[in-house]
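Undergrad: Take this structure, written in structure tokens, and hold onto it; I'll ask about it next.
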Amino acid sequence: MPTAESLARAQSGLPGDVLVVRSDGRVLSDTDARMSAVSARFGTLGLLFLNAGIFRRHRLPR
């Protein structure tokens, strides 16, 4: 999970209309918190993109 400092750095490098929210995509209550944060800041929501994943290096067979 990112730190408050890394989130602040991310936010400072993005345009002012981009909202950075710390959350865990596996936790439904975090999704509710994201929706509340968006509603409080922007009033409406046109798109919510949840990017979650892991990286595992594997060699593909030839």
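Undergrad: I need every pair where a residue in segment 8-21 that is modelled with pLDDT under 90 has its Cβ under 9 Å from the Cβ of a residue that is open to solvent by 80 Å² or more (accessible area, probe 1.4 Å) and part of a helix (DSSP H, G or I), sequence separation at least 6 or different chains.
TA: Every condition considered, the pairs that remain are 17/42; 19/41; 19/42.
Undergrad: Something else about it: Consider only pairs whose beta carbons are under 7 Å apart and that are at least six residues apart or on different chains; among these, list those whose first residue lies in segment 22-49 and is modelled with pLDDT of 80 or more and whose second residue is among the small types (Gly, Ala, Ser) and part of a loop (DSSP other than H, G, I, E, B).
TA: Filtered contacts from segment 22-49: 30/23; 33/23; 34/23.
Undergrad: Provide a single number: the residues in segment 10-30 that are surrounded by 12 or more Cβ atoms within 10 Å (Cβ to Cβ) and assigned to a helix (DSSP H, G or I).
TA: Total satisfying the criteria: 3.
The values are calculated or read from the model by the stated rules, or taken from the named source; none is laboratory data. None of the values given here were measured: they were computed from a predicted structure. Don't worry about glycine lacking a Cβ; one is built from the backbone with ideal geometry, like all the others, and counts go over all protein chains shown. In case anyone asks, the SASA skips ligands and DNA or RNA and just uses the protein heavy atoms, side chains included. Shrake-Rupley method; radii C 1.70, N 1.55, O 1.52, S 1.80 Å.
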